[in-house]
Amino acid sequence: MEARYPSLKGEDIVIIGVGGIGGAIAQGFLEQGSRVHAIDKKPLEELEKVWKEFQGPIIPKKYQKPSYSDREKIIYDNGSELIYYKCDVTDYEKYSKLLKEIGEKYYPIRAFIYTAGIGEATKIGEIDRKIAEYLNKVNYQGFIDSIEIISKYMKEGSSIIAIGSINARRPEPNMAVYNATKAALEQYAISAAVDLGKKGIRVNVVEPGYVRTPQTIEELKNPENRRIIEEHTVLGEVAEPEKIAPVVVALTSKDFEFVTGAVIEVSGGLALAQYPPIEKQKQKL
């Protein structure tokens, strides 16, 4: 990331879901010298493998605890910190307790980024209720739960960003539940911008298109799938997570202090074309 935002140095940033896109966002804030609180259900050892695959080498470490645990602090050469917490957003009791703990200890929280999301094929007429409920818990309800808590530990100038999807406005075939949860997420975020604006807290949405992440990598290994996506993207390529992160980081800075309630598409122009006829794993339904 080329841009530097002095207003983010030393600030506390909470990120939910730090695998593909979330991992790149975490790195973006670390480059700014922020203290990143990274919450994910995956073990840190597994996440570091994902970061190596999708982000490349992160800033050189200065210190890391020798053993992997449910909590760990990593200090980097530029003075930034990453504090990892192993927690599942669907475990409300544990998750809510953790957010309160972070908020109380590190008040004020400068930015909260919600990247948690699952894309699962759901063909109408054959939808498994349990799958639908789980998608709702992760993609939408988790964001509601988060804002109810974390907003209490923010002050004027703080920022909240939800990672949405162009599927919210341009539904993908056989992804009805995912499409709906992302639409609900975005509408809630815009509504939160109205309510929290009175406190000086900004809320925005960033909408990616196709991004190479652990969730999409198998699909993208198919040359035909990748060709179709690239042909239907104006800029002609599938995004890497690092293409999304700079927009998120910038939105939390003072340079964008008058932006709230916005839905910013970062898709390379995918939404300008007709939806690619990719069935992914939907044939298995």
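The values are calculated or read from the model by the stated rules, or taken from the named source; none is laboratory data. This structure is a prediction, so every number in the text was calculated from the model and none was measured. A quick note on method: Cβ atoms are made from the backbone with ideal geometry, for glycine too, and the neighbour counts reach across all protein chains shown. The accessibility values were calculated without ligands, DNA or RNA, using every heavy atom of the protein model including side chains. Shrake-Rupley method; radii C 1.70, N 1.55, O 1.52, S 1.80 Å.
Key figures
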read-out: Among (1) more than 21 Å from Tyr140 (Cβ to Cβ); (2) out of contact with any strand residue (DSSP E or B) (no Cβ under 9 Å at 6 or more places or on another chain); (3) open to solvent by less than 40 Å² (accessible area, probe 1.4 Å); (4) not β-branched (Val, Ile, Thr), the one test that Pro241 misses; value: (2)
read-out: Failed criterion for Lys41 (all others in (1) open to solvent by 50 Å² or more (accessible area, probe 1.4 Å); (2) at pLDDT 85 or above; (3) in contact with a Leu (Cβ under 8 Å, 6 or more places away or on another chain) hold); value: (3)
read-out: The stretch 1-35, subset acidic (Asp, Glu) and not in a helix (DSSP H, G or I), residue modelled with the lowest pLDDT; value: Glu2
read-out: Within the stretch 245-265, tally of residues that are aromatic (Phe, Trp, Tyr) and more than 23 Å from Leu30 (Cβ to Cβ); value: 1
read-out: Those helices (runs of 4 or more DSSP H) lying entirely in the stretch 167-285 with at least 1 residues within 16 Å of the chain's Cα centre (by Cα), at pLDDT below 95 and under 18 Å from Gly22 (Cβ atoms); value: 176-196, 245-252
read-out: Meets criteria (touching a Lys or Arg at 6+ places or on another chain (Cβ under 7 Å) and among the aromatic types (Phe, Trp, Tyr)) for Tyr114; value: no
read-out: Unmet criterion (only one of (1) open to solvent by 30 Å² or more (accessible area, probe 1.4 Å); (2) hydrophobic (A, V, I, L, M, F, W, C); (3) without any contact (Cβ under 8 Å) to a residue 60 or more places away in the chain) for Ile264; value: (3)
read-out: Complete set of residues in the stretch 121-161 that are open to solvent by less than 80 Å² (accessible area, probe 1.4 Å), touching a residue at least 40 places away in the same chain (Cβ under 8 Å) and assigned to a loop (DSSP other than H, G, I, E, B); value: Ala121, Ile127, Met154, Gly157, Ser158
